[in-house]
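The values are calculated or read from the model by the stated rules, or taken from the named source; none is laboratory data. Bear in mind that the values here come from a model prediction, so they are computed numbers and not experimental data. Every residue, glycine among them, receives a Cβ derived from its backbone with ideal geometry; neighbour counts consider all protein chains shown. Calculation scope for accessible area: heavy atoms of the full protein, side chains included, ligands and nucleic acids excluded. Shrake-Rupley method; radii C 1.70, N 1.55, O 1.52, S 1.80 Å.
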Amino acid sequence: MRRRMSAECEMDHSYAMPNVNDNSNALLKKVQNVYANKLLNDITLVVGGISYPAHRFMLCISSDVFETMLMNSTWSDSHQEVIELQEVPQCIEVFPVFLQYFYTGVITLEQSNIMPLLVLADKYNVKDLTVLCVEYMCEHIADAAERGQLVTWFQYVLSLNQPTTINALYYCKIWQDTECMDIKPPWNKLLKACRNYIKWNLDSCIKCFNTFQCDILVGLLKQSDLVVHDEMQLFGCVASWLNYQSAEKLLECNDSNTIEEYMSSLTEHVMSFIRYPMILPRQMAQLLMVPIVKQNKDFFVDKMAAAMEYNLVKMEKVSDTEHLLECTPRLYTCERWGNSFRIRATTIRNYQPIKREIVTCSNLFDRESELNEESNWQIEMYLSGMRFGKAMLMTWRGSIEVPEVIVKTVRATIKLKIRPEDGRISRHVRVAILVYAVQNKIVHVVTVVQKVVLFDTNQNLVTIDDLMVYDAVNQPIHNEDLIPINDTNVSYFLSDRIPLKFHVIITPIIPGLTDTHTGTRIQHVHI
């Protein structure tokens, strides 16, 4: 019997069901009737003290694990008429829904049951249900963050795909865009979607931030493409995480000395990865009022004193890896390094750029001894492609007419505005563009572009193509006709009233002090 793969999902999200002929429908109804009326059952599964009459045949054709248990004579369960299965409480609650899927091929997936159903599908190797659950999760990444579930999803996928040998480098690489692990479909798609959403939408993940495992959190803190308002915001998140760990430890242990020693060691370990030189001197005073700083004063005073040296003394020749990360800005969305702007669909014109101007700080540190220089930038977005008119190409053999060319690409150009009186000027920077999109009415960063560029008097413009999915931008804006970016229910538009949103970030680079390995990358959450 061919299994039907369909799901009735909340928010009117459903999966397509393959066409079946009348005979198949009739057979399916008979199978459902046998299950519903508990007819001809030849085995009973006991889960959480509840008995579920079932059929060996259906269990075996639905699950590779059940097939091995019931068909392999070397297994003791193969001869039993009653088998007790050990499941965690969350899985016990959804087991009847899980078992019913074997007979009906239809299942209702919701945020409340998706994780336990996925755990059961993976445990019993029900491949079609596993794929169905992963598809649902990829279509509800933003919802999971809002509900405080996304970190749990991410860490579960990691637990299923961990290599034999794990070290600190592994926990750093899992947050990077490079394919550092041999993760097979469908897990690779879900892992990437969860990972990038967390990195680029930290504000939306506050509800689940405290559920991070320590090593995975440290790996995140090592990343330079983490989108946060500023380093102070990240410090606050980590401080909250530490407070949560302290409360959890208190439930395990009543010895105050043991807890104090444990938390002191954990605080120094995790807080070592905050980039203190990126915290402005005027913000440092605020840290002194944080309880966790008061409790670990010696550690934090040393970190703050070392950071202040960068803002008081010119230290530009450090080259060890630790300081490269310490003095590398993350993707800060505060006004010091850039700004956001919105574009309404009605303002998009064929082949015409939409222009915006931003101002950024030219200095990496906030030194009173240096002028607080600013850089002026002109941003142009070609959302409807590029048009190159007819032209004459002059060659030694004569003139050749070049026909008109239309290039279907979404292009961004970033130009350093230089006045004649500025003379020779040079800006070594990292340019980042955050592109926002919508999933289930939740706006979030879906694409991040990064490029390290040296702007000067001779070269003051950089161009980035294929910033967005061209067909998804250039469409009639009607709610019922939205073209998704991909197959994960993500669109650039929510409606004709909700504009496109971008955020441009330009941070200085100091060779030898700031990490410059970024190169040019366009990363997507779901693609």
* Accessible area per residue in Å² at 1.4 Å probe, computed on the stretch 357-453 -> 53 Å²
* ARG336 to ASP298: extension gain in nm, 0.36 nm per residue of separation minus the Cα-Cα distance? -> 10.7 nm
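Contour minus end-to-end for SER51 and LEU169, with contour as 0.36 nm per residue of separation and end-to-end as the Cα-Cα distance? Write out the running numbers ahead of the final one.
Values: separation 118, 0.36 × 118 = 42.48 nm, distance 4.68 nm.
Length gained between SER51 and LEU169: 37.8 nm.
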* Could you work out how far apart the two model spin labels at ARG387 and GLN90 are, taking each label as a point 7 Å from the Cα in the direction of the beta carbon, and quote it in nm? => 5.4 nm
* Structure fact -> Extend 7 Å from the Cα of LEU454 along its Cα-to-C-beta direction; within the stretch 402-439, residues with backbone N under 16 Å of that point are 424-431
* the stretch 157-218-the stretch 227-266 distance, computed between alpha-carbon centres (Å) -> 21 Å
* To do: Give the span of the stretch 327-378's Cα atoms along each principal axis, as three whole-Å numbers ordered largest to smallest.
  => 48, 20, 14
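How much area per residue is accessible in the stretch 183-227 when the probe is 1.4 Å and only protein heavy atoms are counted (Å²)? Walk me through the intermediate numbers first.
Working: 1350 Å² over 45 residues.
That works out to 30 Å² per residue.
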* If you stretched the chain out fully between GLU260 and ALA285, how much longer would it get, using 0.36 nm times the residue separation minus the C-alpha to C-alpha distance? -> 6.5 nm
* To do: Please work out whether the stretch 104-235 counts as rounded, prolate or oblate from its C-alpha gyration tensor, where a ≥ b ≥ c are the square roots of the eigenvalues and a/c under 1.5 means rounded, while otherwise a/b larger than b/c means prolate and anything else oblate?
  => oblate
* Once both labels are modelled 7 Å past Cα along the beta-carbon direction, what's the GLU81-ARG397 spacing in nm? -> 9.1 nm
* To do: In nm, give the distance between the simple-model label positions of ASN376 and ASP215, each being 7 Å from the Cα along the Cα-to-Cβ direction.
  => 5.3 nm
* Structure fact -> Sorting ASN161, HIS229, SER240 by the position of each Cα along the dipole of the stretch 114-268 (Lys, Arg +1; Asp, Glu -1; all at Cβ), the one nearest the positive end of that ordering is ASN161
